[in-house]
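Down below is the structure, laid out as structure tokens.
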Amino acid sequence: FAHAVGWAADGVEAFFYRLRFTDGGTREVPITVGKQVADWWIKKPTGEARTAFQNSEKKGFWCWRWENPEPKRRIATLDIVSRGNEPIPIVIAVTGERE
């Protein structure tokens, strides 16, 4: 996941990814500031996220790798759902690979 948030404080769950599987089931993957993501003003490494891009003004986004704990279930779609609180989700890209 290549993402960031705007106007965020550490510890706040900003949004989540909802995975919809082909078998009809779903799974939510919570994204918490300071763990899987951080503010788009890049200041320091944070939690599990790594700096993916940073411009000369120290603005950018983060890369976070998530491994599906149920690789046998095929993912049909992915929703990006804001928690509706102060952080503004910014999602740049989502990639995946097959087992």
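Specify whether the C-alpha gyration tensor of segment 55-94 places it in the rounded, prolate or oblate class, a ≥ b ≥ c being the square roots of the eigenvalues: rounded for a/c under 1.5, otherwise prolate if a/b is larger than b/c and oblate if not. Oblate is the answer for segment 55-94, as a/c is 1.5 or above yet b/c matches or exceeds a/b.
Listed by chain and number, the lysines whose alpha-carbon sits under 16 Å from that of residue 44, ignoring those within fewer than 8 places in the same chain, are 35, 58, 59. The relative contact order of the chain, computed from alpha carbon pairs under 8 Å that lie at least 6 residues apart in sequence, is 41 percent. In the context of the full set of protein chains, residues of segment 4-99 present 67 Å² of accessible surface per residue (probe radius 1.4 Å, heavy atoms only). Between the residues 56, 89, 33, the greatest Cα displacement towards the positive end of the dipole of the chain, with unit charges on the Cβ of Lys, Arg, Asp and Glu, is found for 56. If the Kirkwood radius is taken over C-alpha pairs of the chain, then at 25 °C and 0.890 mPa s the Stokes-Einstein diffusion coefficient equals 176 µm²/s.
Under a 5 Å amide H cut-off, with hydrogens placed 1.01 Å from N, residue 52 pairs with 61, 62, 63 among residues at least 5 apart or on other chains. Here the label points at residue 2 and residue 58, each 7 Å from Cα along the C-beta direction, are separated by 2.3 nm in the simple model.
Here the chain has 50 percent of its accessible surface on carbon and sulfur atoms, given a 1.4 Å probe and all protein chains in place. Close amide H pairs (under 5 Å, H built 1.01 Å from N) link residue 83 with 15, 16, residues at least 5 positions away or on another chain. In this simple spin-label approximation, residue 48 and residue 12 carry label points 7 Å from Cα along the Cα→Cβ vector, and these lie 2.1 nm apart.
Spacing of the modelled spin labels on residue 83 and residue 20, each 7 Å from Cα toward Cβ, amounts to 2.4 nm.
The values are calculated or read from the model by the stated rules, or taken from the named source; none is laboratory data. Please read all numbers here as calculations on a predicted model, not as lab measurements. Counting neighbours? That spans all protein chains shown, and the Cβs are built from the backbone with ideal geometry, glycine included. Heavy atoms of the whole protein, side chains included, go into the accessibility calculation; ligands, DNA and RNA do not. Shrake-Rupley method; radii C 1.70, N 1.55, O 1.52, S 1.80 Å.
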